[in-house]
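Enquirer: Supplied in structure tokens, the structure appears directly below.
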Amino acid sequence: MYMKHAFEMPDPNKTLNFQSQRDCLFMSGEQCIVTQGVKSRFTSPINNTQQLVETVQQQLTKQPEGTLAFGVLPFCKTQQAHFIIPNKTTRWERPAISSWLKAELSTLNKKVNHIEAVTYLQNQAQFKSSVNAAKQLFSETTLEKIVLSKQVDLTFKDPINKELVLSQLLQQSRNGYHFSFPVNDHRTLMGVSPELLLAKHGPHVLSNPLAGSIPRAASAEQEAKHKKALFNSHKDRFEHAVVIEDMEKVLTPFCNTLDVPLEPSLLSTATMWHLSTELKGELQNQHTHILDIANKLHPSPALCGKPTQAAYSHILDLEKHSRDLFSGIIGWCDQHGNGEWVVVIRCAQLEKYQARLFAGAGIVSASEPALEWQETDAKLKTMLNALGLELKDIQQLSNLKEKAEL
Ligand SMILES: C=C(O[C@H]1C=CC=C(C(=O)O)[C@@H]1O)C(=O)O
């Protein structure tokens with residue numbers, strides 16, 4: 001909303017020729033930034049925000065005016081962020097992207113992805129037992145909220161058509177922040193995040209944290225019931241308030257003014273309803289780099305918990321598998337420290353034959369393990385749909401596997 005740049009209109013005789021193992025895409029509102037080719041890659045530790053900002057700035061000042069850096073910061077502060085300086089960057093308007101999609105889809109091989117194997121890194125029994133363990137911690141320690149997640153590996157018979165997956169994501173979700181980022185030559189991180197961690201343009205900052213969720217329903221009548229239940233749920237309102245309180249605390253010292261609505265509103269994705277709050281601020285210093293603030297907001301209690309450090313150590317303990325880039329942040333920045341960063345959710349890491357999906361849920365003392373598992377299932381649907389799969393496809397395969405292992 002704050003980005004006012006000239007748009008490049010596509011040549012109607014050419015398609016974009018987007019190559020997911022080489023190019024980046026970041027869609028926000030009516031604007032889509034698409035890159036072509038990699039000029040350079042660099043990494044940076046994220047446990048020292050000043051060093052992170054300096055590294056990005058140093059890399060960008062060497063480049064021609066207008067160059068952007070695209071990047072992804074992992075969940076864990078001891079891991080490295082990955083950045084790409086592209087050869088070429090184009091900003092497209094949504095109608096142009098739609099016509100590109102049409103052209104691209106007509107040339108793509110729309111073969112259904114046949115799935116061969118499913119492996120849960122945290123299965124249903126383990127997930128529910130982690131939720132119960134967290135509830136025990138709430139009663140015994142100062143922990144108030146923790147986000148627990150599952151990861152699931154899908155193996156396909158044929159190579160995954162990543163461009164097709166991206167075009168499905170763009171088609172199925174009108175809202176949200178679509179992203180595609182080639183982590184390396186073999187792996188692409190792709191998804192559509194509903195959650196804006198931070199956008200900055202000049203002195204203006206905007207953050208739109210989400211927490212508290214309910215799946216979408218099939219009928220209008222059921223939808224109305226779900227919306228009402230979510231908005232009035234004490235459990236979800238608490239889960240949400242914990243996040244907003246923390247974000248406000250981090251943003252306040254940077255801002256002259258910060259507008260925080262007293263009540264959340266409702267935001268929908270293709271598969272979920274969420275409680276949502278937009279925090280709008282005006283910075284004291286408009287030259288503050290977006291990553292200076294974003295890396296302090298990250299990981300927010302929407303992905304980690306409260307208190308952050310305690311929640312973080314319990315996540316490592318309970319989940320047993322590194323989240324790596326999942327529940328990290330992804331986005332871009334320009335040479336003036338402006339940009340947009342969203343949380344890495346509703347996404348997958350795609351390799352040639354394998355997709356690793358991620359879904360988490362905020363756990364508080366009123367959480368019910370079975371409902372939290374269902375919530376994470378519903379969140380997986382975004383990526384499953386884009387891969388041409390349904391939840392029951394992976395449930396059947398995983399049940400068969402569990403039986404065979406007994
Ligand atoms: C961790 C995820 O969602 C977060 C974002 C929105 C709502 C959430 C919730 O209600 O638990 C989560 O905090 C995910 O989608 O994997």
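The values are calculated or read from the model by the stated rules, or taken from the named source; none is laboratory data. Predicted model, so just to flag it, every value in this text is computed and none were measured. Virtual Cβ from ideal backbone geometry, glycine too; neighbours counted across all protein chains shown. Surface areas here come from the heavy atoms of the whole protein model, side chains and all, with no ligands, DNA or RNA. Shrake-Rupley method; radii C 1.70, N 1.55, O 1.52, S 1.80 Å.
Enquirer: Take segment 260-270 and flag every residue that is surrounded by fewer than 20 Cβ atoms within 10 Å (Cβ to Cβ) and in a loop (DSSP other than H, G, I, E, B).
Expert: Val260, Pro261, Leu262, Glu263, Ala270
Enquirer: Something else now. Residues that are in contact with a Cys (Cβ under 9 Å, 6 or more places away or on another chain), at least 2 per element: which strands (runs of 3 or more DSSP E) completely within segment 162-203 meet that?
Expert: Qualifying strands (runs of 3 or more DSSP E): 177-182, 188-193.
Enquirer: Within segment 277-296, track down each residue that is open to solvent by 10 Å² or more (accessible area, probe 1.4 Å) and within 16 Å of the ligand (Cβ to nearest atom).
Expert: Listed by number, the list holds a single entry, Glu278.
Enquirer: Can you say whether Asn184 is open to solvent by 10 Å² or more (accessible area, probe 1.4 Å) and within 13 Å of the ligand (Cβ to nearest atom), as far as the supplied structure shows? Break it down stepwise before answering.
Expert: On the way: open to solvent by 10 Å² or more (accessible area, probe 1.4 Å): yes; within 13 Å of the ligand (Cβ to nearest atom): no.
Here the answer is no, as Asn184 does not meet what is asked.
Enquirer: Quick test for you: out of Phe138, Phe179, Phe156, pick the one residue that is within 16 Å of the ligand (Cβ to nearest atom) and either over 29 Å from Pro369 (Cα atoms) or open to solvent by 60 Å² or more (accessible area, probe 1.4 Å) (or both).
Expert: Only one candidate passes the filter, namely Phe179.
Enquirer: Taking segment 238-259 as the region of interest, how many residues are within 16 Å of the ligand (Cβ to nearest atom) and either more than 25 Å from Ile146 (Cβ to Cβ) or open to solvent by less than 70 Å² (accessible area, probe 1.4 Å) (or both)?
Expert: Of the residues in segment 238-259, 8 are within 16 Å of the ligand (Cβ to nearest atom) and either more than 25 Å from Ile146 (Cβ to Cβ) or open to solvent by less than 70 Å² (accessible area, probe 1.4 Å) (or both).
Enquirer: Moving to a separate point now. Can you find, within segment 329-355, the residue that is farthest from Phe75 (Cα to Cα) among those that are open to solvent by 10 Å² or more (accessible area, probe 1.4 Å) and in contact with a Leu (Cβ under 8 Å, 6 or more places away or on another chain)?
Expert: In this case the residue turns out to be Gln335.
Enquirer: With respect to the numbered conditions (1) open to solvent by less than 50 Å² (accessible area, probe 1.4 Å); (2) modelled with pLDDT of 95 or more, which one is the sole condition not fulfilled by Ser129?
Expert: (1)
Enquirer: Please identify the pairs in which a residue from segment 203-227 that is open to solvent by 60 Å² or more (accessible area, probe 1.4 Å) has its Cβ atom under 7 Å from the Cβ atom of a residue that is part of a strand (DSSP E or B) and within 16 Å of the ligand (Cβ to nearest atom), counting only partners at least 6 apart or on another chain.
Expert: Arg216/Ser268; Arg216/Met272; Arg216/Trp273; Lys227/Leu266; Lys227/Trp273
Enquirer: Within segment 34-56, work out how many residues are surrounded by 14 or more Cβ atoms within 10 Å (Cβ to Cβ) and among the polar types (S, T, N, Q).
Expert: 5
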